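The values are calculated or read from the model by the stated rules, or taken from the named source; none is laboratory data. The shown structure was predicted, so the numbers you read here are calculated from the model rather than taken from an experiment. Every residue, glycine as well, gets a Cβ built from its backbone with ideal geometry; the counts of neighbours run over all protein chains shown.
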Amino acid sequence: MTPSVRRFISTLLAISVSVVFSYLAFRDISWAETWAVLRQADWGWFFGGALVGLLGFVARAAGWRILLMPSATIPVVRLFSPVAIGYMANNLLPARLGEFARAYVVGEREPVSKTTALGSIVIERLLDAYALLSVALVITLVLPYPTWLKHASEWLLLGMLLFSLGLMVLRRSHALRRGLIERWIAPQSPRVANHLIWYLSSFLIGANTPDQPHLSFRLVVLVYLRWIFEACMYLMVLVALGLDQEIPLHSALFVMVVVNIACLVPQAPGYIGAVQLATVESLALFHVGSETAIAYSLLVHVAFFVPITVVGLVYLIVGGFSLNRLHGDEVGPASK
């Protein structure tokens, strides 16, 4: 199967998932009622929430700076633009290419290998997931989880633990990873084996956490700060619709957890459908009507995705990149 055929099939499957999510979310929705809810929104709270959401990406850039320190010391202001471009690419391009795009951009601009940068992004995402699950655990103290979400969290935790264990083994055993490559790949293609050894070693340099306790502490604080900003965005949009008078404030935190878990499923760019379905299902626990939940999901979607996408596009143009370039093969994992 050629790469173009594989890409077409994966894109088709991703779009199919989004279509199914959208159907489940929007079926039987009265758009007149949804529009009536939106017209009553307090736009001051909404735009404030969108601004607070952007601050979360600044916290992400600050945490990424710590992860990249073994390779290079890069100011946060210079890392914010690759973060913005990466999220913009995730929102507009298929297959979550934003992670590769971010590594590609920082590797082009800074004295760090693209593969090493990609390794640091993997660790960042892993820390994000652990922090999100810890938030979910806290929520269970005040809210009984639905069975489907409990199972999803359990499978996510299991996958994260296995992935973390695999990374730890690879990092600690240079002889093991070199031996496996030389045994299984080198006999067929020594050149490919040599390249793979280099890429894996470079990746694992980035896929590490700080050795110094004070840096580790700062990193953990920044990871949670990023989620705090996002939670505040969800809460401010809740207030914008006046839902804070009807349901408990921790419901916004619950919606955030469910939406982020739903967005892990491979789907079309922009996560249309997944955000809406996750919001409707989670707010149903608080007896919020579907039309109101859809209105809330649309505002959350716009507040979180539009500002960073616009900022990312601006940085993309100013930096001399293009979406076609980010979508090209040079952004893939083979890029040094």
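Annotations for the structure displayed:
- Test result for V58, surrounded by fewer than 16 Cβ atoms within 10 Å (Cβ to Cβ), in a helix (DSSP H, G or I) and out of contact with any His (no Cβ under 9 Å at 6 or more places or on another chain): no
- Every residue from region 76-113 that is acidic (D, E) and closer than 21 Å to P266 by Cβ: E99
- On the stretch given as region 207-229, residues that are more than 13 Å from L127 (Cα to Cα) and under 18 Å from the mean Cα position of the chain (by Cα) total 2.
- Remark: K150 falls outside the filter, which requires a residue to be over 22 Å from A14 (Cβ atoms), touching a Phe, Trp or Tyr at 6+ places or on another chain (Cβ under 8 Å) and either surrounded by 23 or more Cβ atoms within 10 Å (Cβ to Cβ) or free of Cβ contacts under 8 Å to residues at least 12 places away in the same chain (or both).
- Only one of D42, D128 that is within 22 Å of P307 (Cα to Cα), surrounded by fewer than 20 Cβ atoms within 10 Å (Cβ to Cβ) and under 19 Å from the mean Cα position of the chain (by Cα): D128
- Any hit, region 19-40, residues being out of contact with any Asp or Glu (no Cβ under 6 Å at 6 or more places or on another chain), of a type outside the set (F, W, Y) and over 30 Å from D244 (Cβ atoms): yes
- Yes/no for A101 being touching a residue at least 24 places away in the same chain (Cβ under 8 Å) and farther than 23 Å from L200 by Cα: no
- Residue within region 211-227 that is within 27 Å of L93 (Cβ to Cβ), touching a helix residue (DSSP H, G or I) at 6+ places or on another chain (Cβ under 7 Å) and at pLDDT below 90 present: no
- Candidates in region 102-122 are the residues that are within 13 Å of the chain's Cα centre (by Cα) and of a type in the set (A, V, I, L, M, F, W, C); of these, the one that is surrounded by the fewest Cβ atoms within 10 Å (Cβ to Cβ) is V122.
- Residues that are on the phi < 0 side of the Ramachandran plot, surrounded by fewer than 22 Cβ atoms within 10 Å (Cβ to Cβ), at pLDDT 85 or above and touching a Leu at 6+ places or on another chain (Cβ under 7 Å) do occur in region 299-308, at least one of them.
- Checking each residue in region 118-147 for being within 19 Å of S216 (Cα to Cα) and without any contact (Cβ under 8 Å) to a residue 24 or more places away in the chain picks out only S134.
- Failed item in (1) surrounded by fewer than 24 Cβ atoms within 10 Å (Cβ to Cβ); (2) within 14 Å of the chain's Cα centre (by Cα), with T140 passing the rest: (2)
- Identity of the residue in region 23-39, hydroxyl-bearing (S, T, Y) and at pLDDT 90 or above, that ends up surrounded by the fewest Cβ atoms within 10 Å (Cβ to Cβ): S30
- Within region 96-114, the presence of at least one residue that is at pLDDT below 95, of a type in the set (K, R) and touching a Phe, Trp or Tyr at 6+ places or on another chain (Cβ under 6 Å) is confirmed.
- Check on L326, at pLDDT below 90 and either surrounded by fewer than 19 Cβ atoms within 10 Å (Cβ to Cβ) or of a type outside the set (S, T, Y) (or both): yes
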